[in-house]
1. What pairs can you find where one residue is in the range 312-328 and in contact (Cβ under 8 Å) with a residue 24 or more places away in the chain, the other is outside any helix (DSSP H, G or I), and their Cβ atoms are less than 9 Å apart, with a gap of 6+ or different chains?
2. Take the conditions in contact (Cβ under 8 Å) with a residue 24 or more places away in the chain and not aliphatic (A, V, I, L, M) and apply them to residue 103. Does it pass?
3. Within the range 284-299, is there a residue that is touching a residue at least 12 places away in the same chain (Cβ under 8 Å) and exposed (fewer than 14 other Cβ atoms within 10 Å of the Cβ)?
4. If residue 522 satisfies every condition in (1) open to solvent by 10 Å² or more (accessible area, probe 1.4 Å); (2) part of a helix (DSSP H, G or I); (3) under 28 Å from residue 426 (Cβ atoms) but one, which is the exception?
5. Restricting to the range 498-519, count the residues that are within 22 Å of residue 445 (Cβ to Cβ) and either open to solvent by 80 Å² or more (accessible area, probe 1.4 Å) or modelled with pLDDT of 95 or more (or both).
6. State whether one or more residues within the range 817-837 are under 16 Å from residue 764 (Cα atoms) and in contact with a Cys (Cβ under 6 Å, 6 or more places away or on another chain).
7. Can you pull out every residue in the range 162-191 that is within 36 Å of the chain's Cα centre (by Cα), within 20 Å of residue 221 (Cα to Cα) and without any contact (Cβ under 8 Å) to a residue 12 or more places away in the chain?
8. Would you check which residues across the range 231-269 are of a type in the set (D, E, K, R) and more than 13 Å from residue 290 (Cβ to Cβ) and list them?
Amino acid sequence: MAMEVTQVLLNAQSIDGNVRKHAEESLKQFQEQNLPGFLFSLSGELANDEKPVDSRKLAGLILKNALDAKEQHRKLELVQRWLSLDNNVKGQIKAFLLKTLASPVLDARSTASQVIAKIAGIELPQRQWPELIGSLLSNIHQLPAHVKQATLETLGYLCEEVSPDVVDQDHVNKILTAVVQGMNASEGNNDVRLAATRALYNALGFAQANFSNDMERDYIMRVVCESTLSPEVKIRQAAFECLVSISSTYYEKLAPYIQDIFNITAKAVREDDEPVALQAIEFWSSICDEEIDILEEYGGDFTGDSEIPCFYFIKQALPALVPMLLETLLKQEEDQDQDEGAWNIAMAGGTCLGLVARTVGDDIVQLVMPFIEENITKPDWRQREAATYAFGSILEGPSPDKLTPLVNVALNFMLTALTKDPNNHVKDTTAWTLGRIFEFLHGSTVDTPIITQANCQQIVTVLLQSMKDVANVAEKACGALYFLAQGYEEVSPSSPLTPYFQEIVQALLTVTHREDAGESRLRTAAYETLNEVVRCSTDETTPMVLQLVPVIMMELHNTLEGQKLSSDEREKQGELQGLLCGCLQVIIQKLGSSEPTKYVFMQYADQIMGLFLRVFACRSATVHEEAMLAIGALAYATGPDFAKYMPEFYKYLEMGLQNFEEYQVCAVTVGVVGDICRALEDKTLPYCDGIMTQLLKDLSSNQLHRSVKPPIFSSFGDIALAIGENFEKYLMYAMPMLQSAAELSAHTADADDEITEYTNSLRNGILEAYSGILQGFKNSPKTQLLIPYAPHILQFLDSMYMEKDMDDVVMKTAIGVLGDLADTLGSNAGSLIQQSLSSKDFLNECLSSDDHMIKESAEWAKLAISRAISV
């Protein structure tokens, strides 16, 4: 059944396109006609030391891809496909793979390790291949070094693939023993030590029991700390990666080791190679993350409800930690500001300093200020930049009272530096720091304003001038202006920025046309800032916002006039269209929010809609996400008049709803369905069959990302509200779907935070659907059609109340649905509500809620229920 695959695998890597294509087709055909034979041949190729390295590597890669995929639904298919293969074939494949671990060729061993782990990930949860871990560990210490290395690598990958609950504690102990022994200094071979250290990183999640045992934990920690001193840089880096992981997984066990870890990390940060030093800083950033979470969750009072106490490691380490981090700020790289993905020791140190400031608040200020004062005026740019970076990093965390006096002194200096400093790095960091000042210390929540009539003009002038600087500085200046505008969001009727509005808008539009606007995200930043300036503007500047409409429309029109574009140009064109549609969306929302401006704006509506439709038309398969969002805003603003656009727009709406692959587009389109229902009300009716069919298809698809399902349910409610009793024909399809989703989401025993959050959004979507359907049928002769569904809805409310894990949003929607039941079904619901298990308790709990939204809904529900019961 095997076939000679060597030549085909080599041909599939040929530089000659025809040879390659022919080989790929042969492989595909072999796989489709005889999967067991295909996988068997590949594993044989991988295991055969006489074969060329290139064919073995590709054989292993194809094997791996036959077992795993990124998309969840595809992955499940591959898992089922493997499980249904004949056991003898699987046994032979696994034997070949285990044999490959002894190959002298590193690439073959490494590939086999990954494939074994993928199979383990499928089989161990099914209680298959129980002998695997035992056979890997059986004589690990007698093995030649290269086999030991491959075995440890396999154990590492295995821990990455399977979840801890499928490996029993006895096996965990043996794996950890083998791994930690492999890390020991007595192990002479560095490849073995490196494989062991990396394997420990993946195995840490399995070590809960071992970390609870003092002796075992001490031993593991000792070996990890010793490995950070290995002569081999990769081992040191891997050992620090283990420490970073331990800091978050076992934070509460760190107290006895923290002093030693500080000494090791400080030495690494000052003296070691950058990859090692970065991990050493990451350890302290990770501790900050833990302590910020603990302090946020429990507000700092440990009265016993907190699962993990805060050990205040950062507070204790401050006097030594802060100077160490400040030193790193002086190790900048010459071109770090131009490189988007740059990450180096100075950036890591500044990031960590910012986390330290958020962890300890005011205490950090007096430790950092002397460094700033000493370096801010030095002739060497590195010292000036480091001082500015230090200042920008500590602006979030300490109280405004502590920071405002310092900022008042610094502001003038910074504005001068932004225009006069000869160095670009310094200007880049200065503009970033100004942005942080405006983000955290300016706005309606801050008592003492740092921006006054006196300095506002100077600030605007400097920022607009800085927007003409090199791209990376100009981008940061746009960012600072963004937060400056945002701080005036709550101000009315007049904003201090009003006198400069025209000038600001003009300057931002000029930036978008710069030759180098593609660098450093500059064009994007300019449009984002323009949007924020428009969004936060007051009525006084409305005429100027209106003048902006034809300008942006013209820009969008110009992107549509393109000739034949290369794929690279088309991508750039799509990005620019996205920015312009986003800008129009903000303008539409701004002008549509008050009657007089809406009336003037409507003269443009036809042309704008025409442009959006053309944006859709210039893409073949995908719907443009930002154009879709902008159309939602337009529908909301135009109301019933939007009906005239529906015949042309409907096909794109349908395309968006069918877009499973780009689920964000699908989700946005579902949102637009809601906007259209609210705008058109019963004029939506002609399109509802098509929309409902597509939404029901989306729900029953296993390919669609789960995050789109809650908004789909809630759009059922929008549709029912819009078309009222005409929703009757969809009840037999929609209600069973809602019921089965409700049953799934009612019980969430021991779920993690992410699942609980998703469950709550699902519940909210289901409740919004019920609410819309109940309100849509109110006062209609067909109300009695809903009576059969009432017991299930009440049961859903009961079971959620019993679970006690609703968030505030769900609680408000849920109590609203209880009221809707009573309001729409009257006495038919009254008796059911009286019999229900927890409606009364739930109502009382909501009536005494601190959240005034919940309380308000509950008072309305109480009224509706008392009316229904008294009938």
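1. Taking only residues 6 or more apart or on different chains, the pairs are 313/254.
2. It is true that residue 103 is in contact (Cβ under 8 Å) with a residue 24 or more places away in the chain and not aliphatic (A, V, I, L, M).
3. No, the conditions are met nowhere in the range 284-299.
4. (1)
5. 0
6. no
7. Across the range 162-191, there are no qualifying residues.
8. 232, 234, 236, 241, 260, 267
The values are calculated or read from the model by the stated rules, or taken from the named source; none is laboratory data. Note that the structure is a prediction, hence the values are computed from the model and not measured. As a convention, Cβ positions derive from the backbone with ideal geometry for all residues, glycine included, and neighbour counts pool all protein chains shown. Just so you know, the surface numbers come from the protein's heavy atoms only, side chains and all, with ligands and any DNA or RNA stripped out. Shrake-Rupley method; radii C 1.70, N 1.55, O 1.52, S 1.80 Å.
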